[in-house]
Amino acid sequence: MAAASKEATKLPPLSPFGNAVAGSLGALFALTIVYPLDIIKTRLQVQSKQSKTMMKENEYYESTFDAIIKIIKMEGITGLYAGLPAGLIGVASTNFAYFYWYSFLRSKIIKQGSMSTISELLLGAFAGALAQIFTIPVSVVTTRQQTTHVKYRKDLIGTAEEIISDDGITGLWKGLKPSLILCVNPAITYGAFERFKHLVSERLSNNNNGEELSPGIIFWLGALSKTIATIVTYPYIMAKVRLQWKPPKDDEDDEDNYINKKKSFKYERYSGAIDVLQKVYKTDGILGLYKGMQAQITKAVLSQALLLYVKEYTTKYTIMLFILFGKLLAGKKKVQ
C-alpha cells in the first residue's frame, strides 16, 4: 500500500525549461554564498612570482585567508563582492542554457535506451559548449571587474564598453577557446554525479526500500564530482582567467597605478591558452599552473554541491508550479 501510494504521488518529470529554471536558481544561490572565494581565486590566478616583488605588500596575496584580510582592509567588505551583479547574470544565463540543452538532449537519448558514462560526458560537454558561446561575454566582464583596482573599477556596462573600446567586440569573447575546452569540466562533474547518484541510489534501494537520497548525500556526491573535475582541468581554468584579465599598462605612473612596478618589469601579454601555460611554467614552474587551486577547489566544490543540492530540491517545487500554472491556463480556456 505504501509503495502504491508513493507511486500515485510521484511527480512527473520536469521539462527542459523547468530544469533550466531550477538549475539557474541553484546557481544563483550557490554563487551568492561563495562569491568571496570566487574573487579571491581569480586574483590569485593572475599573480606570479615576478609580480610579488613588484606589488605593494598589501596587494599581493600569499593565501586565501591572506587575501580575505587584505581585501577587506583595502576595499572594505564590499571588495569581496566586486563584480557580483555580472557574476550572477553570468551563472544564471550559463546554467539556464546548460541545463536546458542537457535536459533536452538527455531526454531524447534516454527514449532510445540507457546512457553510458561516455554518453553522459559527451552530452555534458556539448551542452556546456552551447552555453559558453552565448554567455562568455559576461564572464569576461566579471573577470575584469574582479581584477581591476577599486580606484578604476567600473560598473557592468562601463566595463563592457571599455573592453569593446580596447579590444573590439571580439574582446567580449576572450578566452572562448579554453572555455570550450573547459566544457569537459561540467561534463566530468555532471557525468560523475549522475553515475555516483545512480550507484548510491541502487545501494540505498536495496537496503532501504527505495528511499530518496538525503540532502547530505547529494551534497557530498556533488562535492566529490566537482573536486575530480577541478583537479583535472585547473591549468586551463587559470589560463582562461589570464586571457580575460587586463594587466596594468606598463607605462602607467606609480601614483596612478596600484602596482608598484620596477621600470624593467613588463606584464606578460598572451596570445592564447597554450601561450599562457608555457609562460607560466617558464616563470613559476609546475606549481604556477596550479596557483590559487585551493581557493578554486573550495569555491567550486561548495558552489557545485550547493547548486546540485538546491536544484534537486527546487526541481520538486518547480514541477508543482508548472502543474499549477498548467491547471490555471486550462481553467481560463474552459471559462472562455
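Here are a few things to note about the model shown:
- For the range 164-176, a residue qualifies if it is within 28 Å of F99 (Cβ to Cβ) and touching a residue at least 60 places away in the same chain (Cβ under 8 Å), and the qualifying residues are K174, G175.
- Some residue of the range 304-324 being crowded, with 17+ Cβ neighbours inside 10 Å, modelled with pLDDT of 85 or more and assigned to a helix (DSSP H, G or I): no
- Residue that is surrounded by the most Cβ atoms within 10 Å (Cβ to Cβ) [pool: residues in the range 114-157 that are polar (S, T, N, Q) and farther than 22 Å from F96 by Cα]: Q146
- Contact annotation: residue pairs with Cβ atoms under 6 Å, 6 or more positions apart or on different chains, pairing a residue in the range 97-125 that is within 24 Å of I136 (Cα to Cα) with a partner that is of a type in the set (S, T, N, Q) and surrounded by 17 or more Cβ atoms within 10 Å (Cβ to Cβ), are F99/N19; S103/N19.
- Of the helices (runs of 4 or more DSSP H) lying entirely inside the range 1-112, those containing at least 2 residues that are at pLDDT 85 or above span 16-45, 64-75, 84-110.
- Here G23 fulfils each of the conditions (1) farther than 15 Å from T314 by Cβ; (2) crowded, with 19+ Cβ neighbours inside 10 Å apart from (1).
- Candidates I297, I286, I231: the one that is at pLDDT 80 or above, surrounded by 18 or more Cβ atoms within 10 Å (Cβ to Cβ) and out of contact with any Pro (no Cβ under 9 Å at 6 or more places or on another chain) is I297.
- Listed by first and then second residue, the pairs linking a residue in the range 213-235 that is within 13 Å of A192 (Cβ to Cβ) to a residue that is surrounded by fewer than 21 Cβ atoms within 10 Å (Cβ to Cβ) and among the charged types (D, E, K, R), with Cβ atoms under 7 Å apart and 6 or more places separating them unless they lie on different chains, are L221/K197.
The values are calculated or read from the model by the stated rules, or taken from the named source; none is laboratory data. All values reported here derive from a predicted model rather than from experimental measurement. Using ideal geometry, Cβ is built from the backbone for each residue, glycine included, and neighbour counts are taken over all protein chains shown.
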